[in-house]
Structures are given as C-alpha cells and as structure tokens.
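One structure below.
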C-alpha cells in the first residue's frame, strides 16, 4: 500500500503544479471589467452581467481539472 500512496502523492503534486492560473486571471479580469462597467461607465446592468462571469469561468475550469484528475487516477488503476 505505501507504493500506491506515493504514486497518488505524485499525481497530486503534478496537478497542484499546473494549477488554475489562466482561469483565475480571467476571473480577476472579468471582475475588473464588471467594476469598470458598473462604476465608471454607469452601465449597471452590463456590470452585473459581466460580474457573473467569474463563477462560471472558475466552475468550468474546476470541472476540467477534476476530469484530468479522474483520468490520471484511472490510468493508475489500469
């Protein structure tokens, strides 16, 4: 069993190293854009709409990351 734990730890380290960097940057940019529309341009409806994007971006990125984890774990079991 220790060998399996080491392999699982290696998979976790690989996944942590890759991270969700692009999704986080896109989410931060969309928050900034939402604040710009809402406060600077005074377009509150568009600001609220764009403000909904970060959760969607992060949810989709998380889904793909979980699928990647599942595939790597399936490869270990095979």
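Restricting attention to the range 49-70, does a residue exist that is free of Cβ contacts under 8 Å to residues at least 24 places away in the same chain, in contact with a helix residue (DSSP H, G or I) (Cβ under 6 Å, 6 or more places away or on another chain) and part of a helix (DSSP H, G or I)?
yes
Output the number of residues of the range 29-45 satisfying the condition of being surrounded by fewer than 14 Cβ atoms within 10 Å (Cβ to Cβ) and within 13 Å of residue 61 (Cβ to Cβ).
Matching residues across the range 29-45 total 0.
Out of the residues in the range 1-28 that are at pLDDT 90 or above and exposed (fewer than 14 other Cβ atoms within 10 Å of the Cβ), which is nearest to residue 75 (Cα to Cα)?
Among them, the one singled out is 25.
The values are calculated or read from the model by the stated rules, or taken from the named source; none is laboratory data. Owing to the predicted nature of the structure, the values given are computational and were not obtained by experimental measurement. Positions of Cβ are backbone-derived with ideal geometry, glycine not excepted, and every protein chain shown enters the neighbour counts.
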